[in-house]
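Student: Next up is a structure, given as structure tokens.
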Amino acid sequence: MTVETGRLPAEGVQRMFDRIAPVYDAMNRVMTVGLDQRWRKATVRATVRSGDHVLDACCGTGDLARAAWAGGAGHVIGIDFSERMLERARRKVPELEWRQADLLALPFEDASFDSAVVGFGIRNVENLEGGIRELRRVLRPGGRLGILEITTPRGPLAPFYRLWFDRVVPLLGRVLPGGSAYTYLPASVRRFPGPEELATLLGSCGFEAVRFRLFAGGIVALHVGEAN
């Protein structure tokens, strides 16, 4: 099953995240009303075990990798397409390993990691199925994958969601230097598979015991699966 979600070409994603690196953390706090760090910790609790060798893919400025390290991971490697994002990650947590790499061609041997996490980044991968299969390849059998991502709510919060992500967030992005790239956010979320569809895709890509949990009234989803 191939899922294409109208993502930007790889070069466009790289340029976009290089531009927004200076405002990335501030926008995360604003967009989530400060809850994103709590959700990252929940992702680590659901995915990472003490002593794990962990991959944080699409690591951005390193908050999820830092949470995994604080949660007892034995070793953490963060990879991202954007060197400017990685520069900020290195300054935050210099003791971790940071590499510029493409999720669609990970520079690691098969079965290299005990667990892998992706926080608010996989919807921007040019080939979603290809990225998930690469994550499966580098996980050992029984290894865990946690994906934390914005999704589209269908319940009573849907009207608020449309106002917040379609109007308020892009407006805030235009106010901040480099933040104009956030005008891309609403479209990227709308094109991304819903929670049930993403769970099905994970199952078809080699993960079992797939489950998901919704946060903030269904605006954010955490999917967890085990490599079979």
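Student: Can you name the number of the only condition in (1) more than 17 Å from Glu87 (Cβ to Cβ); (2) assigned to a loop (DSSP other than H, G, I, E, B); (3) in contact with a helix residue (DSSP H, G or I) (Cβ under 7 Å, 6 or more places away or on another chain); (4) modelled with pLDDT of 80 or more that Gly60 fails?
Tutor: Condition (1) is where Gly60 drops out.
Student: Within the range 6-57, restricting attention to residues that are assigned to a loop (DSSP other than H, G, I, E, B) and in contact with an Asp or Glu (Cβ under 6 Å, 6 or more places away or on another chain), which residue is farthest from Arg136 (Cα to Cα)?
Tutor: The first filter runs over the range 6-57 and keeps only residues assigned to a loop (DSSP other than H, G, I, E, B), leaving 6-9, 32-35, 48-52.
Of the ones still in play, those that are also in contact with an Asp or Glu (Cβ under 6 Å, 6 or more places away or on another chain) are 7, 52.
Values: Arg7: 21, Asp52: 16 Å.
Only one residue tops the list, namely Arg7.
Student: Which of the residues belonging to the range 121-160 are within 18 Å of Phe212 (Cβ to Cβ) and β-branched (Val, Ile, Thr)?
Tutor: The answer is Ile122, Ile132, Ile147, Ile150, Thr151, Thr152.
Student: Which residues, counting only those in the range 191-228, are touching a residue at least 60 places away in the same chain (Cβ under 8 Å) and charged (D, E, K, R)? Before you say what the answer is, go through the steps one by one.
Tutor: Initially, the range 191-228 is screened for residues touching a residue at least 60 places away in the same chain (Cβ under 8 Å), giving 191-193, 197, 200-202, 204-207, 213-228.
The answer is Arg191, Glu197, Arg213, Glu226.
Student: Glu97 versus (1) modelled with pLDDT of 95 or more; (2) more than 23 Å from Arg45 (Cβ to Cβ): which is the lone unmet condition?
Tutor: Of everything listed in (1) modelled with pLDDT of 95 or more; (2) more than 23 Å from Arg45 (Cβ to Cβ), Glu97 misses just condition (2).
Student: Return the only residue of Val117, Val168, Val175 being surrounded by 15 or more Cβ atoms within 10 Å (Cβ to Cβ) and either at pLDDT 90 or above or of a type outside the set (D, E, K, R) (or both). Before you say what the answer is, go through the steps one by one.
Tutor: Details: Val168 fails: surrounded by 15 or more Cβ atoms within 10 Å (Cβ to Cβ); Val175 fails: surrounded by 15 or more Cβ atoms within 10 Å (Cβ to Cβ).
The conditions single out Val117.
Student: So, one more: How many residues does the range 99-113 contain that are surrounded by 13 or more Cβ atoms within 10 Å (Cβ to Cβ), in contact (Cβ under 8 Å) with a residue 24 or more places away in the chain and outside any helix (DSSP H, G or I)?
Tutor: The number of residues fulfilling the criteria is 6.
Student: Any residue at all in the range 72-80 that's at pLDDT 80 or above, within 21 Å of Arg133 (Cα to Cα) and out of contact with any Asp or Glu (no Cβ under 8 Å at 6 or more places or on another chain)? Before the answer, list the steps.
Tutor: Of the range 72-80, the ones at pLDDT 80 or above are 72-80.
If we keep only those that are within 21 Å of Arg133 (Cα to Cα) too, we end up with 76-80.
Narrowing further to those that are out of contact with any Asp or Glu (no Cβ under 8 Å at 6 or more places or on another chain): 80.
Yes: one or more hits.
Student: Let me ask something additional. Check off (1) modelled with pLDDT under 75; (2) surrounded by 15 or more Cβ atoms within 10 Å (Cβ to Cβ) for Gly143 and give me the number that stays unchecked.
Tutor: Looking at each condition in turn, Gly143 falls short on (1).
Student: Any residue in the range 144-173 that is of a type in the set (Lys, Arg) sitting within a Cβ distance under 8 Å of a residue that is assigned to a helix (DSSP H, G or I) and surrounded by 21 or more Cβ atoms within 10 Å (Cβ to Cβ)? List the pairs, counting only those 6 or more apart or interchain.
Tutor: Once the first residue is of a type in the set (Lys, Arg) and sits in the range 144-173, its partners that are assigned to a helix (DSSP H, G or I) and surrounded by 21 or more Cβ atoms within 10 Å (Cβ to Cβ) give Arg144/Thr47.
Student: Right, next: With the structure loaded, tell me whether Leu157 is modelled with pLDDT under 95 and under 15 Å from the mean Cα position of the chain (by Cα) or whether it fails that test.
Tutor: On the way: modelled with pLDDT under 95: yes; under 15 Å from the mean Cα position of the chain (by Cα): no.
So Leu157 fails the test.
Student: Report, by residue number, each residue of the range 123-140 that is at pLDDT below 95 and either in contact with a strand residue (DSSP E or B) (Cβ under 8 Å, 6 or more places away or on another chain) or β-branched (Val, Ile, Thr) (or both).
Tutor: Across the range 123-140, the qualifying residues are Arg123, Val125.
The values are calculated or read from the model by the stated rules, or taken from the named source; none is laboratory data. Model, not experiment: these values are computed from the prediction. As a convention, Cβ positions derive from the backbone with ideal geometry for all residues, glycine included, and neighbour counts pool all protein chains shown.
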